[in-house]
Amino acid sequence: MLIRRIEKFLRQHDMPATKFGRLAAHDPRFVLDLRMGRIPRAATEARTEHFMNTYTLAESEMAHAR
């Protein structure tokens with residue numbers, strides 16, 4: 001379920017839900033709406049997954065570069 005993966009991501013990266021929504025879906029209320037039962041379109045879900053995957057990858061690459 002997407003919201004569970006997002007909640008885990010938020011905890012791992014200590015990121016506020018509104019910041020995640022702005023960066024991943026261009027909607028600061030995105031996570032809050034998901035928590036209330038919103039079901040995202042397939043394209044939005046794919047874009048969100050892509051954001052989480054590339055954010056994690058970029059973060060790990062930055063850590064290795066130090």
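A short reminder: the numbers here are calculations on the coordinates, not readings from a lab. For clarity, every value in this text was computed on a predicted model and none was experimentally measured. Backbone-built Cβ (ideal geometry, glycine too); neighbour counts: all protein chains shown.
For the chain, the residue among 42, 30, 12 whose Cα projects farthest onto the positive side of the dipole built from Cβ charges is 30.
Treating r as the C-beta distance of residue 33 and residue 65 and R0 as 35 Å, the FRET efficiency rounds to 0.45.
Here the extension length gained between residue 22 and residue 45 equals 6.9 nm, from 0.36 nm per residue of separation less the Cα-Cα distance.
A value for Cα Rg over 2.2 N^0.38 Å was derived from the coordinates, and within the list (1) 1.21; (2) 1.06; (3) 1.12 it appears as (3). The C-alpha atoms of the chain define a longest principal axis, and helix 42-65 lies at about 20 degrees to it.
Our coupling estimate for region 10-23, obtained by passing each phi through the Karplus curve with A = 6.51, B = -1.76, C = 1.60 and θ = phi - 60°, is 4, 5, 4, 9, 6, 10, x, 4, 5, 5, 4, x, 5, 6 Hz, Gly and Pro reported as x.
The simple spin-label model puts a point 7 Å past each Cα toward its Cβ; for residue 1 and residue 15 those points are separated by 2.1 nm.
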